[in-house]
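**Q** I have a structure I would like to understand better, so I am pasting it below and will then ask my questions one at a time.
Here, each number is a calculation from the coordinates, and none is a lab measurement. Bear in mind the structure is a predicted one, so any value in this text is a computation, not a measurement. No Cβ is skipped: glycine too gets one built from the backbone with ideal geometry, and neighbour counts run over all protein chains shown.
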Amino acid sequence: MRFEEKSRLLITCAPSLSDWLQKELEALGHSIALVRKTGIEIEGSLVDAMKLNLWLRTAFAVLYLVDEFDCPDADALYRAAVSMPWEDIIPVNEYISIVSYVDNPTINNSMFPNLKLKDAIVDRIMQREHRRPDSGPERTNIVINLYWKDDTAWLYINTSGNKLADRGYRRIPHKAPMQETLAAAVMMAAGYTGDCPLVAPMCGSGTLAIEAALIAQNRAPGLLRANYGFMHLKGFDDSIWKDIRRDAHKGKGSDPFSSRGLTPFSAPRIIATDIDPKAVEAARKNAATAGVDHLIEFKVCDFAETPLPPAPFIVVMNPEYGKRMGELKALEETYARIGDFFKQKCQGSTAYVFTGNLDLAKKIHLTASRRFPFFNADIDCRLLKYEMYAGTRRRKTTSEATETDK
Ligand SMILES: C[S@@+](CC[C@H](N)C(=O)[O-])C[C@H]1O[C@@H](n2cnc3c(N)ncnc32)[C@H](O)[C@@H]1O
């Protein structure tokens, strides 16, 4: 398979992240061909896909289009797939898995198209090579994605394999952790580039602080991972991958969301605290796995006791919102205390609250200057921005109702 050959790349993401993914892609120099709710299309080669796997912070997977074809039923799927040159793409000693999204009236068993496609690929390779690759559900090696809508099907090589949100640093998740891709998008929405101090009270397993440290350090998040789908394809050249990684280690490559190069590096402070000692322990260990523990100051304390740098700084909090943990009554008080904390201790700085409960957010009793829409799994969430000008007063929340979302 020729890694320089261009095709369409579909970069997938969580439903609320396509705006942030688009910004990342544009800043990395790509022209956007099409924006979907859960993905963005660009033109690119497998070498481009390798770089994107390394640098993108908000993407789930980078998919390389193999073919698009008419596909009225499962027999058509088999016929089209068995005529494709899989022997040029998949080594016989490899392991393949099929992932599909199917919306076609002839299909009522979602596993059937996977089986049909797997048979076509394996039969084709068997005809040509007289041996066949193994197959199964693990996404550790070669992953083929099938999108089949009405009478059209698209076949992609999933160059990521396992989803990019699994960076590999969060070995200890603690309670209600935020997905890494979401945390990265939250830090981008907060305008964090690493050039002012960051405070993350209620840090939980540390995802926001760790993603911030990766951004501040201009560190490609993909450097933490050793295995990608593209490595298993025929024609993969390890020396090209080594060059791409070497450039990323030098900070070349480049991450638009950081304002600094990699070396020499002295970042403004990142402070992460949580009232639960187990959370702080998890966060510390996760940060060590990510290689950024030396950049983050950890402390076990109530959020209101978090040690603060001189203003201006960015403070980002992700309190519980009563859907997964926590009792609503107690949380009302916590949210009111968050408002007091911002008002009393964060003047001259910018404060953010990420929550899935806007009724609770009203208890903060401050007016959000912006509200960024997000989804955390299937929960409709907002990142609320509060400009804590020196002298910010407590205001009625009715004005929040007049604000528009992003
Ligand atoms: C929703 S979790 C944060 C998850 C985090 N964003 C992550 O990715 O792991 C909320 C955290 O707030 C902490 N917390 C709750 N009440 C607190 C308080 N009064 N002071 C400090 N932390 C508190 C909890 O221990 C929990 O770790």
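**Q** For residue 376, list long-range residues whose amide hydrogen, built 1.01 Å from N in the peptide plane, is under 5 Å from its own amide hydrogen.
**A** 381
**Q** Same structure again: So how much slack lies between residue 333 and residue 195, counting 0.36 nm per residue of separation and subtracting their Cα-Cα distance, in nm? Mind dumping the intermediate values first?
**A** Details: separation 138, 0.36 × 138 = 49.68 nm, distance 3.29 nm.
This chain segment gains 46.4 nm when fully extended.
**Q** Follow-up. Going down the list 6/163; 23/345; 118/234, which pairs span over 28 Å between their C-alpha atoms? Working shown, then result.
**A** On the way: 6/163 22 Å; 23/345 33 Å; 118/234 18 Å.
As for pairs spanning more than 28 Å Cα to Cα, those are 23/345.
**Q** Taking Cα atoms of the chain, Rg/Rh with Kirkwood Rh, to two decimals? Before the final figure, lay out each step's value.
**A** Numbers: Rg = 23.2 Å, Rh = 22.7 Å.
Rg divided by Rh gives 1.02.
**Q** Moving to a separate point now. Collect residues whose amide H, placed 1.01 Å from N in the peptide plane, falls under 5 Å from the amide H of residue 67; neighbours closer than 5 in sequence don't count.
**A** Hits under the 5 Å cutoff: 155.
**Q** Between residue 119 and residue 73, how many nm apart are label points set 7 Å from Cα along the C-beta direction?
**A** 1.4
**Q** With the crude spin-label approximation of a point 7 Å out along Cα→Cβ, what separation in nm comes out for residue 129 versus residue 344?
**A** Placing both labels 7 Å along Cα→Cβ, they lie 6.7 nm apart.
**Q** Something else now. What number, rounded to the nearest 500 deg cm²/dmol, is the helix-based mean residue ellipticity at 222 nm of the chain, given -39500 (n - 2.57) per DSSP H run of at least four residues and division by all its residues?
**A** Values: 10 runs with 117 residues, N = 406.
The helix contribution divided over the chain gives -9000 deg cm²/dmol.
**Q** Give me, ordered by chain and number, the residues 5 or more places off residue 152 or on other chains with an amide H under 5 Å from its own placed amide H.
**A** Amide H neighbours of residue 152: 71.
**Q** Let me ask something else. Which value in nm describes the separation of the simple spin-label points at residue 27 and residue 92, placed 7 Å from the Cα toward the beta carbon?
**A** So the two model labels end up 4.7 nm from each other.
**Q** If you average the C-alpha positions of the range 153-211 and of the range 59-125 separately, how far apart do those two centres end up, in angstrom?
**A** Using only Cα atoms to place each centre, the spacing works out to 31 Å.
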